[in-house]
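One structure is given here, and the rest of the page talks about it.
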């Protein structure tokens, strides 16, 4: 989820069935003794007589006894007898080994041991120095084995959900259907639907699904009352969603296009994100990471409609660290060179993302609303002039806390007629609204993002997959 750089906060531009085994079972036992006599006409066998006619002297051959032990037909019949097949008892169902489409199998069922895949590991390029040991020790105690497994589990949920998106989403789908498909999958894989009070705080969406087309750079999600937006073949769509367990959020994003015209744009941003990941580490200065990002991105250009455009880093957005229940933890990594000497520290979690654009490389707040976030500095209770605002405030605290949410999430909980109460909360500084962010119309933008954690001797890119 894109974070505004501090110096650009508040800037607004108004330009714009198998069949049953019993069905197939057949008993193939032999005939009862003597039944062949009605079929063959007599009981004669072999050389003991061949028919029931007179032999010329007026005498008839006497019939062979049915008890004759030397009867070959009887022996054959005995050989043909088979024992009835015993039905095999069905044992316990084996655990699933593959995710369904759309994803609906609990990720904990796919990994019954509770050990989730480790993210990509990269060793640091330089050794760490002694700094802020008390802070680091506090982080180590907080980041126990359960913390790490939960983070890896959330990352696996993200990978399996986005794989479904990449395999199934095509032009003609509406953005609302895509967003709801992503969110339904995340909740199903976690086993937390978020409909009971407090369930969404245990695990669920880390923030509303962002689906931004073309010049829309960040923070657009389909909301009630809006006209359906249909994905087209010529669109460039950024897909940004988060998965959290106990408030620790995996924030990862990718860009989809269906026209090879935009391949270089996507390659530039992916390369810049990977450059930022490679540069990140303990005691690394933010300005150094930013410089690597800018250099990588600006080495690309893209030709669209016969015109060549440089790929520009979006200056108003930044990568960021993540705190528990806070998608933006306070540290920001711009995509352009700067003089910020702030260092990355052991135990910190960062969302390393980059945005590139063929436009101006600067954003403005577009019309509409993306979502809302509870201001963690606001008091738990305060006098409010609108009664509905008090109820809404409690609903937000009980179901989202400081996790960013959108109107679709409120209506999913059955909340009605909440706009007046929401406006009251905003005007009193209790809730902060987030608007869509865009570059100039006619431009195209892309985004790639991964979440990583800085361990003592190495960094782990938690959300890394075989796709990006």
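Computed values, structure above
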{"read-out": "Difference of contour (0.36 nm per residue) and Cα-Cα distance, residue 120 to residue 367", "value": "85.0 nm"}
{"read-out": "Listed peptides 110-120, 192-202, 150-160 by packing density, highest first (mean Cβ within 10 Å)", "value": "150-160, 192-202, 110-120"}
{"read-out": "Where the Cα pairs of the stretch 312-400 fall when distances are cut into 10 Å bins, in %", "value": "12, 31, 30, 20, 7"}
{"read-out": "Potential extension, residue 339-residue 259 segment - 0.36 nm per residue separation minus Cα distance", "value": "25.0 nm"}
{"read-out": "Packing-based ranking, highest mean first, of 314-324, 287-297, 224-234 given that Cβ atoms within 10 Å are counted", "value": "314-324, 287-297, 224-234"}
{"read-out": "Cα→Cβ-extended label distance, 7 Å offset, between residue 458 and residue 324, nm", "value": "2.6 nm"}
{"read-out": "Tail fraction, Cα-Cα pairs, the stretch 371-434, threshold 17 Å, whole percent", "value": "27 percent"}
{"read-out": "Relative contact order for the stretch 145-202, counting Cα pairs under 8 Å that sit 6 or more residues apart, in percent", "value": "27 percent"}
{"read-out": "Pairwise FRET efficiency - residue 108 versus residue 360, Cβ, R0 = 51 Å, nearest 0.05", "value": "0.65"}
{"read-out": "Distance between modelled label sites at residue 163 and residue 228, nm, 7 Å Cα→Cβ extension", "value": "2.9 nm"}
{"read-out": "Mean separation of Cα contacts under 8 Å (6+ apart) over length of the stretch 224-359, as relative contact order %", "value": "26 percent"}
{"read-out": "Reciprocal mean inverse distance between Cα atoms of the stretch 265-334 - Kirkwood radius, Å", "value": "13.2 Å"}
{"read-out": "Net length gained if the chain between residue 411 and residue 391 were fully extended (0.36 nm per residue, minus Cα distance)", "value": "5.8 nm"}
{"read-out": "Equivalent-ellipsoid semi-axes of the stretch 135-281, from the Cα gyration tensor, Å, largest first", "value": "29, 22, 12"}
{"read-out": "Ranked by how many other beta carbons lie within 10 Å on average, peptides 336-345, 420-429, 180-189 from highest", "value": "180-189, 420-429, 336-345"}
{"read-out": "Three-way shape label, the stretch 223-374, alpha-carbon gyration tensor, a/c 1.5", "value": "oblate"}
{"read-out": "Rounded FRET efficiency, nearest 0.05, which uses the C-beta distance separating residue 100 from residue 177 and R0 of 25 Å", "value": "0.90"}
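Readers should treat all values here as calculations from the given coordinates under stated rules, not as data from a laboratory. Note that the coordinates shown come from a computational prediction; the quantities given were computed from them, not determined experimentally. In this analysis, Cβ positions are derived from the backbone assuming ideal geometry, glycine residues included, and neighbour counts consider all displayed protein chains.
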